[in-house]
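The next block holds one structure in the form of structure tokens; read it before the comments.
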Amino acid sequence: MSGVIHLLPDHIANQIAAGEVIQRPASVIKETVENAIDAGATDIKVIIKDAGKTLIQIIDNGSGMNTEDAVRCFERHATSKISLASDLFALRTKGFRGEALASIAAIAHVTLKTRLHSVETGNLIQIEGSKITNQEETICSKGTSIEIKNLFYNVPARRNFLKSDIVEFGHIREEFIRIAMAHPELNFSLYHNDSEVYRLVSGILRKRINDILGKSSNDKLVPIEEKTDIVTLYGYVGKPEFAKKTRGEQYIFVNNRFFKDAYFNNAISKAFDGLLPQKYFPSYFLFLEIDPSRIDVNVHPTKTEIKFEEERSIYPIILSSIRQALGKYNISPTLDFEQETSFDLPHSMRNMPVVEPTIKVDPTYNPFKTSTDSASRSTGSSFSKAIKAEGFGNKDLNPKDWEAFYNIEESEEPIQEKIEIQVEESALDVRQLVFKGRYILSPLPRGFMIIDIPRAVERIVYDELMNKFILNPISSQQLLFPISIEASKNEIDHWNDNRSLLERFGWNWTVNENQLEINAVPSILQEEAIQPCILQIMESIVFAEIDKGEIAHALSLSIASAAGKIKKVEHHQSAEQLIEELFRCPEHSYSPSEKKILDKLTLEELSNRFS
Ligand code: ADP
Ligand code: MG
């Protein structure tokens, strides 16, 4: 009886291999552009239709292939880049596994035109599902053009799993950027649906970074340079004050190959310790040059994971060279981004001489005297009325809490025996104390409620926007002078992709080269909040891979948090108003970004401090 094991036919084996190497259109871009670089091209053009689902075409001016190679390149394990196992440890090329073209040809309709520089005519090969359907001599330019149509036409599971064009093109763009960043000496261009997305002209690394991320990034870069026996390190890190809340701009390369490495990433983050607020990520564009025999590139089919023989020695080199560079550029470790907890002196007081504090005592002041007449002065509430403090700060409070605070009988026991001193009425007029425009301290019968104003505003504005935008566009305010924001192509495209929703939220803009000219903004935004808000929206729509349904949430959140950071509550009337508005929100204990809005300081805690 014959056995049941047999060898898989090539086209099936190729399809299986394709599952590992080609996960989405972006993987095709990576593999084919890398092939162009390995072929010595200096000019590489990438043409995409429908985020690569319809067409991916790569045109290069590299070496080209002769007739024999043009056929052979589609075979599995066909490579010109290595021949001996030992070559694996002397790699200077991007590819070496001989899998990419075989994989692509197994799952798409491919047309290859390729011509050596030394001959007049080239070769045309058409192949689909691993079968050559046409082969002929052709007139074409020197170099190679490869057209990949109908990707995954015969792997419906893969095709159906592809995300929206916006998301898939986002991946393509990211692959393109990784390769273009690694090779500033080459010209690259990227076209999507007939419009030019990037045209990158060869130059130095700094120029390449600016061309990709926008000219304004130039001022944000700190150069890194370190040469040791093990590794040479160069590139740039972003100045801490320009750090972002997403990991978008983190690029590390070894021998000009992009890779991912949590361990080295940790070294870089450590170098920024104390310089960044929580949840901010540094930007970096770092290049390691290392003897290829000291790394293993062959640990993952897409080669984005790399083993380093001496990773433990490289870690401190990365850490200390970045630290040094940041130090050299006078970036002190006390930068305070949001002034989260800063209680610094007002500017005008900073240069005043230090005077020993003196205490003025008002002998008639009675902090515990309950006074009913001051209550009549405003909304029927007063400092002297007892307010029940139990329960707030819990997530399950109901919106009536604030009213409940007011409507409590005067039944609380005095905490301590009364001090028999008469008090001036005005001394009791303070019901809410606004501290540095950041916190409201509001007395409760057994302590204080403390409200974080920016977070409270964030909650109020967020709820308002989310409630309103579905029914009506958010009210918009035309700017007298449009605000110009320099933005990368990527960022501008994302604004345009989300046009209808952004307009619903009150935004209006035109594009002028690499400038977004903002003409109208949501009217809820105060002037100083506009710019931070735009930057925050950029962050969320460009780098975070958010689903369509979540964009509204992200926009509301960006607007609300920018509004919260700027809005100041200076006088008591509006503090009270703010508290009332806050307690009208069903969730008033936590901000939409899940931060605590309320806290309390109880009399017990206070008296413990004085015990
Ligand atoms: P690998 O890059 O791992 O060698 P590929 O399947 O990507 O494997 O490519 C197979 C071979 O085809 C390459 O080794 C190279 O010789 C040739 N080739 C592929 N693309 C090009 C190109 N754009 N120009 C010249 N030769 C190419
Ligand atoms: Mg290759």
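The values are calculated or read from the model by the stated rules, or taken from the named source; none is laboratory data. Owing to the predicted nature of the structure, the values given are computational and were not obtained by experimental measurement. FYI the Cβ positions are ideal-geometry reconstructions off the backbone, even for glycines, and counts take in every protein chain you see.
In the range 549-579, what residues are modelled with pLDDT of 80 or more and loosely packed, with under 14 Cβ neighbours inside 10 Å?
Residue satisfying the conditions is 577 alone.
Looking at residue 293, is it outside any strand (DSSP E or B), without any contact (Cβ under 8 Å) to a residue 24 or more places away in the chain and among the small types (Gly, Ala, Ser)? Spell out how you get there, then give the answer.
Details: outside any strand (DSSP E or B): yes; without any contact (Cβ under 8 Å) to a residue 24 or more places away in the chain: no; among the small types (Gly, Ala, Ser): yes.
In short, no.
Could you check residue 476 against (1) surrounded by 14 or more Cβ atoms within 10 Å (Cβ to Cβ); (2) within 28 Å of residue 212 (Cα to Cα) and say which number it fails?
Tallying (1) surrounded by 14 or more Cβ atoms within 10 Å (Cβ to Cβ); (2) within 28 Å of residue 212 (Cα to Cα), residue 476 fails exactly one: (2).
Which one of these is within 26 Å of residue 491 (Cα to Cα), part of a loop (DSSP other than H, G, I, E, B) and over 15 Å from the mean Cα position of the chain (by Cα): 279, 260? Can you show your working first?
On the way: 279 fails: over 15 Å from the mean Cα position of the chain (by Cα).
Answer to the selection: 260.
Given the criteria surrounded by fewer than 20 Cβ atoms within 10 Å (Cβ to Cβ), away from ligand 1 (no atom under 15 Å from the Cβ) and among the β-branched types (Val, Ile, Thr), does residue 166 qualify? First the steps, then the outcome.
On the way: surrounded by fewer than 20 Cβ atoms within 10 Å (Cβ to Cβ): yes; away from ligand 1 (no atom under 15 Å from the Cβ): yes; among the β-branched types (Val, Ile, Thr): yes.
It is true that residue 166 is surrounded by fewer than 20 Cβ atoms within 10 Å (Cβ to Cβ), away from ligand 1 (no atom under 15 Å from the Cβ) and among the β-branched types (Val, Ile, Thr).
Those residues that are closer than 20 Å to residue 327 by Cα and assigned to a helix (DSSP H, G or I), I need them from the range 216-253; list them, please.
Listed by number, the residues that qualify are 217, 218, 219, 220, 240, 241, 242.
Assuming residue 182 fulfils every condition listed in (1) over 23 Å from residue 301 (Cβ atoms); (2) in contact with a Phe, Trp or Tyr (Cβ under 8 Å, 6 or more places away or on another chain); (3) surrounded by 20 or more Cβ atoms within 10 Å (Cβ to Cβ) apart from one, which condition is it?
(1) is the only condition that residue 182 fails.
Being at pLDDT below 90, within 22 Å of residue 94 (Cα to Cα) and among the polar types (S, T, N, Q) is the filter here, so list the residues in the range 262-317 that pass it.
Passing the criteria: 298, 302, 304.
In the range 61-104, what residues are in contact with a Pro (Cβ under 8 Å, 6 or more places away or on another chain) and more than 16 Å from residue 127 (Cα to Cα)? If you could, list the steps in order and put the result at the bottom.
At the first step, the residues of the range 61-104 found to be in contact with a Pro (Cβ under 8 Å, 6 or more places away or on another chain) are 89-92, 97, 99.
Of everything in the range 61-104, those that are in contact with a Pro (Cβ under 8 Å, 6 or more places away or on another chain) and more than 16 Å from residue 127 (Cα to Cα) turn out to be 89, 90, 91, 92, 97.
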